[in-house]
Amino acid sequence: MAKSNKPIIWGTFAAGGELVSLVTPVLILLTLLAATGHVPDALSYAKLHAFAAGWFGKLVIFVILFLSLWSQAHRLRITCFDFGMRADGVVAVVFYLIATVGSLASLMYLARI
């Protein structure tokens with residue numbers, strides 16, 4: 001039986017999809033609160049910057065971005081296949097390369113904080 005990389009891809013897709021479905025509504029609510037000027041003190045810029053500057057905050061932000069990027073890359077790959085783009089190898093390389101570049105960019109930006 002040949003070994004496959006599919007469990008790795010499907011694992012990041014499932015984890016990222018679950019994370020995005022849980023985090024996105026909260027981010028929308030917080031953005032709406034910030035836009036109307038009703039930001040709680042716990043979400044002030046100074047406190048959020050202090051959280052993002054720590055190693056745990058960087059890890060949390062990176063995991064959220066990493067899983068979101070890889071989940072959406074896989075979702076776009078499958079969507080392209082469903083719409084008739086049968087060059088799956090090229091599509092997979094392009095979308096996973098974009099997810100890799102986004103993951104590395106987020107790692108570099110988080111290291112600067």
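Go through the residues of the stretch 40-54 one by one and say whether even a single one is touching a Leu at 6+ places or on another chain (Cβ under 7 Å), in a loop (DSSP other than H, G, I, E, B) and farther than 17 Å from TRP10 by Cα. Let's see the steps before the verdict.
Residues of the stretch 40-54 touching a Leu at 6+ places or on another chain (Cβ under 7 Å): 43.
Those left that are additionally in a loop (DSSP other than H, G, I, E, B): none.
No, the stretch 40-54 contains no residue that is touching a Leu at 6+ places or on another chain (Cβ under 7 Å), in a loop (DSSP other than H, G, I, E, B) and farther than 17 Å from TRP10 by Cα.
Looking at SER21, SER68, which one is of a type in the set (Gly, Ala, Ser), farther than 26 Å from ARG112 by Cα and in a helix (DSSP H, G or I)?
Details: SER68 fails: farther than 26 Å from ARG112 by Cα.
On inspection, the qualifying residue turns out to be SER21.
Hey, can you tell me all the residues within the stretch 77-109 that are hydrophobic (A, V, I, L, M, F, W, C), surrounded by fewer than 17 Cβ atoms within 10 Å (Cβ to Cβ) and touching a Phe, Trp or Tyr at 6+ places or on another chain (Cβ under 7 Å)?
LEU107
So which residues in the stretch 26-54 are closer than 14 Å to ARG112 by Cα and either in contact (Cβ under 8 Å) with a residue 12 or more places away in the chain or under 18 Å from the mean Cα position of the chain (by Cα) (or both)?
Within the stretch 26-54, HIS49, ALA52, ALA53 qualify.
Working only within the stretch 1-30, note down all residues that are among the β-branched types (Val, Ile, Thr) and surrounded by 10 or more Cβ atoms within 10 Å (Cβ to Cβ). First the steps, then the outcome.
Step one: of the stretch 1-30, the residues among the β-branched types (Val, Ile, Thr) are 8-9, 12, 20, 23-24, 26, 28.
The answer is ILE8, ILE9, THR12, VAL20, VAL23, THR24, ILE28.
Restricting the search to the stretch 52-94, which residues are modelled with pLDDT of 90 or more and polar (S, T, N, Q)?
THR79
Is it the case that LEU104 is at pLDDT 85 or above and touching a helix residue (DSSP H, G or I) at 6+ places or on another chain (Cβ under 6 Å)?
Taking the combined requirement at face value, the residue does not satisfy it.
The values are calculated or read from the model by the stated rules, or taken from the named source; none is laboratory data. The structure presented is a predicted model; accordingly, all values stated were derived computationally and were not measured. Please note: Cβ atoms are built from the backbone with ideal geometry, for glycine as well, and neighbour counts cover all protein chains shown.
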